[in-house]
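Trainee: Before I ask anything, here is the structure I am working with.
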Amino acid sequence: MDTTIGDCGYLTTMKGDSVISTEEFLARDERLKLIVETLQDKKALDVVGLDLRGKSDSADFFVICTGTSDPHVKSMGSDVVDALRSAGHRPWHVEGLDSLRWVLVDLVDVVIHIFRHEARDFYALERLWGDAESVEFEDQWDTAEATPSAQPGWFLKND
C-alpha cells in the first residue's frame, strides 16, 4: 500500500490499483466531512476513514482517530457529538465518555472510534477491516503555533 500527500494536504491511500482520495471518501456521506473536520480541529492524531460498504452489515463507514490523553479523548468525543447534533444528526448511541480509553459514537451507518493510543493498538480495527477501502487524513498540528520562536530578549523587545 502506497501513501501520497494530495493537493489539499490530505493523504490518499492506494490499495493495489484502487485509489480513494479524501474528497471521494468525504463525498460518500455528508456527515463524514463534519466528523473529520471536527476531529482535526480538536487535534486528533492518525485520523483514518474506512468504507465498509459491502464488507459489513453493522456500518457503512468507520472514522478512527487517536487522542493524546483522557481529557483529549473526552473533548473530541463531546465535540463530535455536539457538532453532529447542531447539524441535525442525532447519534443513536454514545459510549465511553466515562472510561475515556475508547469513545464510540454510533450514527448507525457511520461509527466514530476515538481511542487512546494503547487501546487503538490493542483493538487494531484497521487490521481487522484491512480489506476495506481506507483513507488517511493528515494530522493538523500547527507546529509554528505550538512552538513559538524563542529569541533571546524577545520579551524585552519594544515595538
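The values are calculated or read from the model by the stated rules, or taken from the named source; none is laboratory data. All values reported here derive from a predicted model rather than from experimental measurement. Cβ coordinates were reconstructed from backbone atoms using ideal geometry, including for glycine residues, and neighbour counts include every protein chain displayed.
Trainee: Is it the case that some residue within the range 93-101 is of a type in the set (Ser, Thr, Tyr) and outside any helix (DSSP H, G or I)?
Mentor: Scanning the range 93-101 turns up at least one residue that is of a type in the set (Ser, Thr, Tyr) and outside any helix (DSSP H, G or I).
Conditions (1) in a helix (DSSP H, G or I); (2) surrounded by 11 or more Cβ atoms within 10 Å (Cβ to Cβ); (3) modelled with pLDDT under 95; (4) touching a Gly at 6+ places or on another chain (Cβ under 9 Å), marked per residue:
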| site | (1), (2), (3), (4) |
| --- | --- |
| Val111 | no, yes, no, no |
| Asp139 | no, yes, yes, no |
| Ala144 | yes, no, yes, no |
| Pro148 | no, no, yes, no |
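Trainee: What pairs come up if the first residue lies in the range 92-117 and is under 20 Å from Gly54 (Cα atoms), the second is surrounded by fewer than 14 Cβ atoms within 10 Å (Cβ to Cβ) and not aliphatic (A, V, I, L, M), and their beta carbons are under 7 Å apart, counting only those six or more places apart or on different chains?
Mentor: That search, which allows pairs on different chains as well, returns Asp106/Trp92; Asp106/His93; Leu107/Trp92; Val108/Trp92.
Trainee: Gly54 - would you say it is small (Gly, Ala, Ser) and part of a strand (DSSP E or B)?
Mentor: So Gly54 does not fit the description; no.
Trainee: So how many residues does the range 60-83 have that are buried (at least 21 other Cβ atoms within 10 Å of the Cβ) and part of a helix (DSSP H, G or I)?
Mentor: 4
Trainee: Based on this model, can you work out whether Ser78 counts as in contact with a strand residue (DSSP E or B) (Cβ under 9 Å, 6 or more places away or on another chain), modelled with pLDDT of 95 or more and among the polar types (S, T, N, Q)?
Mentor: yes
Trainee: Considering only residues that are under 19 Å from Ala132 (Cα atoms) and either buried (at least 17 other Cβ atoms within 10 Å of the Cβ) or in contact (Cβ under 8 Å) with a residue 40 or more places away in the chain (or both), which ones fall in the range 36-54?
Mentor: Of everything in the range 36-54, those that are under 19 Å from Ala132 (Cα atoms) and either buried (at least 17 other Cβ atoms within 10 Å of the Cβ) or in contact (Cβ under 8 Å) with a residue 40 or more places away in the chain (or both) turn out to be Val36, Asp46, Val47, Val48, Gly49, Leu50, Asp51, Leu52.
Trainee: Right, something else. As an exercise: evaluate Ser86 against (1) free of Cβ contacts under 8 Å to residues at least 60 places away in the same chain; (2) surrounded by fewer than 18 Cβ atoms within 10 Å (Cβ to Cβ); (3) over 22 Å from Lys33 (Cα atoms) and give the number of the one condition it does not meet.
Mentor: Here Ser86 clears every test but (3).
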